[in-house]
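Reading through the structure tokens given below for one structure.
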Ligand code: HEC
Ligand code: HEC
């Protein structure tokens, strides 16, 4: 074969396992609750510009393999590798078992292709989502705009609470503003402990939803007739 053709083939083919890893990333059957990685993480650099319009609980994983550490674990003791950091989501948010063998390797390989060419990515800095005294009955969450909240709800919440009704999560229609704000800020699982593994509502920090956006969402949910 002509060397140029060989080179072209080598350049166009994804490294082994990457395609399999991408399928795992998008596979709702990866864990037990039918939620794919892709439901909670975009893969583009600029979600506002290049995203698909959904507003996900987790941050984009663009450049994730080049972050110095994950989940705030500066010493990299708890999460030594990207696959270790991923297992937390598999177990907590998808109700699955830590990945093993080829799946473990291939998913990490796919994640390593996100943001290729960039030298180093900054570590993810998470803004605390919780209210210090766990009091959500505050003015900042009151008086939201239900029509803006409606649009946000379909971008961020509809996947698990279809039209405010029962889906992966329970029906939320008609709940009070403070209840909604608390669920969004605290989630359930990491902080309060969940009854059903893999059915844990993720928390949304300030960098995912601002106080004003939470207020708008809460106004919309509260305005829905109870189901
Ligand atoms: C139900 C939502 C949800 C699902 C499903 C989910 N994640 Fe996450 N993930 C999160 C949240 C929330 C965080 C916390 C950090 C953030 O806001 O991105 C996180 C954090 C991470 C981190 C650490 C990022 C860092 O730099 O600290 C990695 C890596 C990750 N997820 C990968 C995955 C992969 C791969 C899958 C599928 C196997 C997955 N996640 C499934 C919500 C989810
Ligand atoms: C990945 C799936 C998922 C997404 C996305 C999600 N939720 Fe949830 N939500 C759940 C699950 C599961 C529960 C039940 C948690 C538990 O108590 O076990 C829940 C619980 C709740 C509750 C508490 C219901 C009650 O009766 O106590 C509220 C309110 C709520 N969610 C609102 C929202 C809003 C608003 C959004 C969008 C910002 C949202 N959720 C996004 C899965 C999700």
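All of the numbers you see were taken from the coordinates with simple rules; none came from a lab. Keep in mind the model is a prediction, meaning the values are calculated, not measured. Note that we place each Cβ from the backbone using ideal geometry, even for glycine, and neighbour counts take in every protein chain shown.
A few remarks follow.
- Global geometry of the range 14-112, whether rounded, prolate or oblate, following the gyration tensor of its Cα atoms and the 1.5 cut on a/c: rounded
- Separation of alpha-carbon centers, the range 13-91 and the range 152-186, rounded to whole Å: 23
- The long axis of helix 146-156 is offset from the longest Cα principal axis of the chain by roughly 30 degrees.
- With distances taken between every two different alpha-carbon atoms, the range 139-223 has a Kirkwood hydrodynamic radius of 12.7 Å.
- Packing-based ranking, highest mean first, of 210-220, 39-49, 132-142 given that Cβ atoms within 10 Å are counted: 210-220, 39-49, 132-142
- When shorter helices are ignored and each DSSP H run of at least 4 residues is given -39500 (n - 2.57), the per-residue value for the chain at 222 nm works out to -10500 deg cm²/dmol.
- Principal-axis analysis of the Cα atoms of the chain puts helix 211-223 at an angle of about 60° to the longest axis.
- Rounded if a/c under 1.5, otherwise prolate or oblate - the range 55-159, Cα gyration tensor axes: prolate
- Listed peptides 120-127, 83-90, 104-111 by packing density, highest first (mean Cβ within 10 Å): 104-111, 83-90, 120-127
- Each label point was placed 7 Å from the Cα along the Cα-to-Cβ direction; for residue 74 and residue 131 their separation is 3.1 nm.
- Potential lengthening between residue 147 and residue 178 on full extension [0.36 nm per residue; Cα-Cα distance subtracted]: 9.3 nm
- The angle separating the long axis of helix 101-112 from the principal Cα axis of greatest extent in the chain is about 80 degrees.
- The chain: C-alpha gyration tensor shape, a/c 1.5 cut-off, then a/b vs b/c: prolate
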